[in-house]
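Just so you know, all these numbers are worked out from the coordinates, no wet-lab data involved. Computed from a predicted model, the values in this text were never measured in an experiment. Positions of Cβ are backbone-derived with ideal geometry, glycine not excepted, and every protein chain shown enters the neighbour counts.
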Amino acid sequence: MIIFFDYVIVLGVLHHIPNVQFVLSELHRVLKKGGRIVVREPISSMRPKNKWNESDEISPNERGIPISLLKKEFKMLGFRILSISKSYYAPLMRAIKIFSFLEKCPTLIYYIDKICCKLPVSLKYYRDSLLTKCAPGSAYYIAEKSK
């Protein structure tokens, strides 16, 4: 018996996997026609530029996946992208760590993040300067398997 799914949810997983295209193709394979996939992934590098061997905390495969790359993969596999939204505005996430009382205001944080992530910013992969760090850290994608 072959089982197909209506929905697949993948939150913060793909950036750990060496072959993202293979995993996405498997997710596409197990979705019903018209089934939907929800993905959230970081969109910038997790290391400073040219510092790939200096961090013990980050695995070799751990990296952000730029929006343009994931869009291309979805389209190549036959997904129709329904929406892409940016989230995790970096300065706001840092403020939550510093001012822990903000954790008690998730609705407020949600709306501030939503507004900040709509600001016109450069989505550089390597965020070396303070200005480039003032940007969303992740993107949410909702895509549908073509019918």
task: Would you mind ranking E73, E103 so that the residue whose beta carbon has the fewest other beta carbons within 10 Å leads the list?
output: E103, E73
For I65, distant residues with modelled amide H under 5 Å away: I43, S44
- prompt: Given a Förster radius of 41 Å and the C-beta distance between I96 and K72 as r, what FRET efficiency does 1/(1 + (r/R0)^6) yield to the nearest 0.05?
  reply: 0.80
field: Cβ-based exposure ranking for S85, S45, S122, in which fewest neighbours within 10 Å come first
entry: S122, S85, S45
query: Charges only on Cβ, +1 for Lys and Arg, -1 for Asp and Glu: so what's the dipole of the chain about the Cα centre, in debye to the nearest 20?
result: 560 debye
- prompt: Who wins for biggest fluctuation among C105, C134, C117 in a Gaussian network model of the chain, springs between alpha carbons below 10 Å?
  reply: C105
message: At a 10 Å Cβ-Cβ cut-off, how would you order L108, L69, fewest neighbours first?
response: L108, L69
Calculated P(r) of the chain - Cα pairs past 26 Å, %: 33 percent
Local electrostatic count at A143 - Lys and Arg +1, Asp and Glu -1, tallied over other residues with Cβ under 11 Å: +3
